[in-house]
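> Pasting a structure below so you can have a look.
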């Protein structure tokens, strides 16, 4: 999902300086006018781009101008320590991280650029990438931010240039007006971001009698279910707990997710569909132990039968009715019975268990903590499809 390692960034700052100079000239030309008219009731104005986004701004403190058909600039013209402006651009045929690399080439020291991800401005279901170069402790107070996200067939990007001085009230006024523009943005139609297509879903792994689950929703929310349910957001390389902020690195490999949990990489496979369970299964090293799953005619679950054909326990079987669980893709049961090898008499009934199929390694795991048998003495068994 990542764009790979970026090459060394150039340190040419001419583009920033040139843009800042133009904005500074405009600011000086409108400074007196802005001071006189700030706070007017009718000062709010809106701009709609041909690319389908709309923002609002205080026309007495923000000057809006077109750079080109797909780029609009908003310059703060009130009192401030230097140039403060927002540029919103649409660039077709690019990927977010590709455009961000091109944008930040002129920023200088790449190691000082902070990289984060989050919900894209104006949305609660689209994802974006942040690059920020904080202001130095000594200097002009210049800081730069770029935010980019996939938007249709290209990228929508916000570029912010800020100069903060020693007057905190003045700094706050500048920040509030620039932020208000971004907070006001709305979209006529924000298409689904195809770069995340196929990732959302339920991923599972068996773990000590439980099914550990990662649920990734299309809107970048989700849930980690390791006995307890933990709400999360997910991006391109990290899963983040929404309450604690704990972060977990992850990687998508086909229909599996590799999750770095406390330094240990765990594999979760996409949850199985009900049809994946139907058929005959055997233990890899002992084909005499067979498991069969059959869909009920009444569409009320699945018949599950485990038979041990070994001498000494020949014909004894375990019978249960399983029901598919969408939240983790397992077959759950609560009515397992051990049947007599001679006449089918029910010898005992026990508690619940489950079957869990992994489409990645094509294995089926069965667990039931209460089953005991001379030959089936492990409550956690892995079956594979019977090739016969």
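> Could you go through segment 269-276 and let me know if any residue there is surrounded by 14 or more Cβ atoms within 10 Å (Cβ to Cβ), in a strand (DSSP E or B), in contact with a strand residue (DSSP E or B) (Cβ under 9 Å, 6 or more places away or on another chain) and modelled with pLDDT under 95.
Looking through segment 269-276, at least one residue is surrounded by 14 or more Cβ atoms within 10 Å (Cβ to Cβ), in a strand (DSSP E or B), in contact with a strand residue (DSSP E or B) (Cβ under 9 Å, 6 or more places away or on another chain) and modelled with pLDDT under 95.
> Being within 14 Å of residue 147 (Cα to Cα) and either assigned to a loop (DSSP other than H, G, I, E, B) or over 24 Å from the mean Cα position of the chain (by Cα) (or both): is that true of residue 83 here?
no
> Turning to a different aspect of this structure: Just to check your reading of the model, which residue among 43, 56 is at pLDDT 95 or above, surrounded by fewer than 17 Cβ atoms within 10 Å (Cβ to Cβ) and closer than 14 Å to residue 181 by Cβ?
After applying the criteria, what remains is 56.
> So, one more: Give segment 185-208 a look and list any residue that's more than 22 Å from residue 223 (Cβ to Cβ) and buried (at least 16 other Cβ atoms within 10 Å of the Cβ), or say none.
Residues satisfying the conditions are 185, 187, 190.
> Yes or no: residue 126 buried (at least 17 other Cβ atoms within 10 Å of the Cβ) and either touching a strand residue (DSSP E or B) at 6+ places or on another chain (Cβ under 7 Å) or over 30 Å from residue 218 (Cβ atoms) (or both)?
Here the answer is yes, as residue 126 does meet what is asked.
> Which one of these does residue 100 not meet: (1) farther than 30 Å from residue 256 by Cα; (2) touching a strand residue (DSSP E or B) at 6+ places or on another chain (Cβ under 7 Å); (3) modelled with pLDDT of 95 or more?
Status for residue 100: all satisfied but (1).
> Checking residue 248 against (1) more than 30 Å from residue 367 (Cβ to Cβ); (2) modelled with pLDDT of 95 or more; (3) within 12 Å of the chain's Cα centre (by Cα), only one condition comes out false. Which one?
With respect to (1) more than 30 Å from residue 367 (Cβ to Cβ); (2) modelled with pLDDT of 95 or more; (3) within 12 Å of the chain's Cα centre (by Cα), residue 248 is out only on (1).
> Under 6 Å by Cβ, and 6 or more places apart or on different chains, what pairs join a residue from segment 170-191 that is touching a residue at least 60 places away in the same chain (Cβ under 8 Å) with one that is surrounded by fewer than 16 Cβ atoms within 10 Å (Cβ to Cβ) and not in a helix (DSSP H, G or I)?
Partner pairs satisfying both residue conditions: 186/54.
The values are calculated or read from the model by the stated rules, or taken from the named source; none is laboratory data. Small disclaimer: the values here were computed from a predicted structure and weren't measured. Neighbour counts run over all protein chains shown; Cβ positions are idealised from the backbone, glycine included.
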